[in-house]
1. Mind ranking ASP134, ASP174 by accessible surface for me, highest first, 1.4 Å probe?
2. Considering amide H positions built from the backbone, and no H for Pro or chain starts, which residues 5 or more places from TYR37, or on another chain, come under 5 Å of its amide H?
3. Which far-off residues, 5 or more places away or on another chain, put their amide H under 5 Å from the one on VAL90, with H placed in the peptide plane?
4. Take the Cβ-Cβ distance between ALA82 and LEU254 as r, set R0 to 35 Å, and report the resulting FRET efficiency rounded to the nearest 0.05.
5. Kindly write out, for the stretch 73-83 in residue order, the coupling ³J(HN,Hα) from the Karplus curve 6.51 cos²θ - 1.76 cosθ + 1.60 (θ = phi - 60°), rounded to whole Hz, with x marking Gly and Pro.
6. Quick one: what are the phi-derived ³J(HN,Hα) couplings along the stretch 125-138, Karplus 6.51/-1.76/1.60 with θ = phi - 60°, whole Hz, x for glycine and proline?
7. Work out the charge dipole of the stretch 6-246 with +1 on the Cβ of Lys and Arg and -1 on the Cβ of Asp and Glu about the Cα centre, then indicate which of SER233, ALA44, ILE112 is farthest towards its positive end.
8. Could you please put MET204, MET234 in sequence from largest to smallest accessible area, using a 1.4 Å probe?
Amino acid sequence: MLSGKKGVILGVANKRSIAWGIAQAAAQAGATLALNYQSERLAASVRELADTLDRPLVAPCDVTSDADIAAFFAQVQARLGALDFLVHAVAYAPKDDLDGQFVDTSREGFRIAHDISAYSLTAVARAALPLMKDGGGSIVTLTYLGSERAVAGYNVMGVAKAALEASVRYLAADLGPYGIRVNAISAGPINTLAARGIHGFTKMLKHHAAMAPLRRPTEVAEVADTALFLISSMGRGVTGEVIHVDGGYHCIGLVPRDEPSQG
Ligand code: NAD
């Protein structure tokens, strides 16, 4: 499906990362990859995972640093030449701003959440543009329903995700003439490092599995398969879109009191 394609995947921290699920699926589908790590603290674990793939480029990139982004994409250009896809699976908000109520969000917490979780998509899309603009490409980011509805504990991340989804639409409009598509996947809750920073996450997981039409948790592999669809030529007509991969949770108003009998 991705044979001969070259892509960057940002956001692998450990084996539970959604970015890692996408990296494995993309490598399996034949893609050549470049991965980043946020800081030296994560370098060893990302390199260890990368060693299980076919020699991807692995280099540091903290998305709050324009110098890091420039250096990372210079290495990508040197190693891969052109790029066919870019996956952005990066987010962060300070814990203090996730623990309390949204009304107490600090100015600095708001700034950090938006810089890392929303602005960084535009910054890396701009860096990828020279490597994509001749052959077209696909950019995919990760979002969550907390952008559309007030979800307890998601707080300022929800507001940052709303900015991220708006950025997807503006980037899709800007980059479409170059044949570059920009989309987001709105994933259901998955037990990762970032998710564990959300107060009451375990309760959120259980609630989701009980209420979603598919009555089960969202799996990384389901998100990765949708990412492959968006990255590959199968998704060639789709841009500016937010696709929910959440077992249908987003469409539910009231769950029927009685489950249909099985058989
Ligand atoms: P994760 O903790 O594995 O990944 C988050 C990544 O963001 C990490 O690799 C971390 O190093 C990176 N990051 C944070 N600050 C950074 C910075 N300044 N520079 C570079 N990288 C930085 O968790 P995940 O759940 O796999 O998160 C990936 C994406 O999926 C995020 O955008 C998250 O909001 C989104 N998402 C997650 C869920 C979920 O329930 N896990 C649901 C919907 C959307």
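1. Working: ASP134 145, ASP174 105 Å².
From most exposed to least exposed: ASP134, ASP174.
2. Those lying under 5 Å, H to H, from TYR37 are ALA59, CYS61.
3. LEU142
4. Details: r = 49 Å, r/R0 = 1.41.
Computed FRET efficiency for ALA82 and LEU254 comes out at 0.10.
5. So the J values, rounded to whole Hz, are 6, 5, 5, 4, 5, 4, 7, 9, x, 9, 10.
6. Along the stretch 125-138, the couplings run 5, 5, 5, 7, 3, x, 8, 10, 5, 7, x, x, x, 9 Hz.
7. After comparing all options, I get SER233.
8. On the way: MET204 30, MET234 125 Å².
Highest to lowest solvent-accessible surface, that is MET234, MET204.
The values are calculated or read from the model by the stated rules, or taken from the named source; none is laboratory data. Just so you know, these numbers come straight off a predicted model, no measurement behind them. Quick reminder, even Gly has a Cβ in these numbers, built from the backbone with ideal geometry, and neighbours come from all protein chains shown. The accessibility values were calculated without ligands, DNA or RNA, using every heavy atom of the protein model including side chains. Shrake-Rupley method; radii C 1.70, N 1.55, O 1.52, S 1.80 Å.
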